[in-house]
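Notes for the one structure printed next.
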Amino acid sequence: MFLIVSRYLIPKGYRGITLFPFVILRNPPDRANKVLVNHEKIHIRQQLEFLIIPFFLWYFIEYGIRLIQYKNKNMAYRNISFEREAYSNEFNLNYIKGRKLWGFRKYL
C-alpha cells in the first residue's frame, strides 16, 4: 500500500480513495488518522479479493442499484456492501487480521 496525499485527486466531500495499490488522502494530517487509513486498508483487501477490475465493476453496478433504491447519492454510497463493511469495521484496527475471505458478503 502506498499512501499519497493530494487534494486534487479526491472528489469533493471525500477524505480518501483507494485505487490498488494506492491510498490517496485529501489532507496531510489524515496520514496519522488510523481509523481512516484502516477504512482504506479494508478496501485494499476487497480489491485484492476481486482482482481489482471486477471490484470496480461490482462497486459501480451496486452503486447504481442503491441509487435507484434510495434515490439519494449519499445513501446509495453508504449502502454499497464494500462501504458498509469498511464503515462497520474501521474502528477495529485488528479487523484485517481476522477478516474472512469475501467478508463483504454479510453486508449485501
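The values are calculated or read from the model by the stated rules, or taken from the named source; none is laboratory data. Since this is a predicted model, take the numbers as computed values, not measurements. Don't worry about glycine lacking a Cβ; one is built from the backbone with ideal geometry, like all the others, and counts go over all protein chains shown.
In summary, helices (runs of 4 or more DSSP H) completely within the range 17-101 and bearing 1 or more residues that are aliphatic (A, V, I, L, M) and under 17 Å from L3 (Cα atoms) occur at 34-49.
Residue pairs whose Cβ atoms lie under 7 Å apart, sitting 6 or more positions apart in sequence or on different chains, and linking a residue in the range 77-105 that is modelled with pLDDT under 95 to a partner that is surrounded by 13 or more Cβ atoms within 10 Å (Cβ to Cβ) and assigned to a helix (DSSP H, G or I), are L101/E49; W102/E49; G103/E85; F104/Q46; F104/S81; F104/F82; F104/E85. When residues in the range 1-16 are screened for being buried (at least 16 other Cβ atoms within 10 Å of the Cβ) and either at pLDDT 95 or above or part of a helix (DSSP H, G or I) (or both), 2 of them pass.
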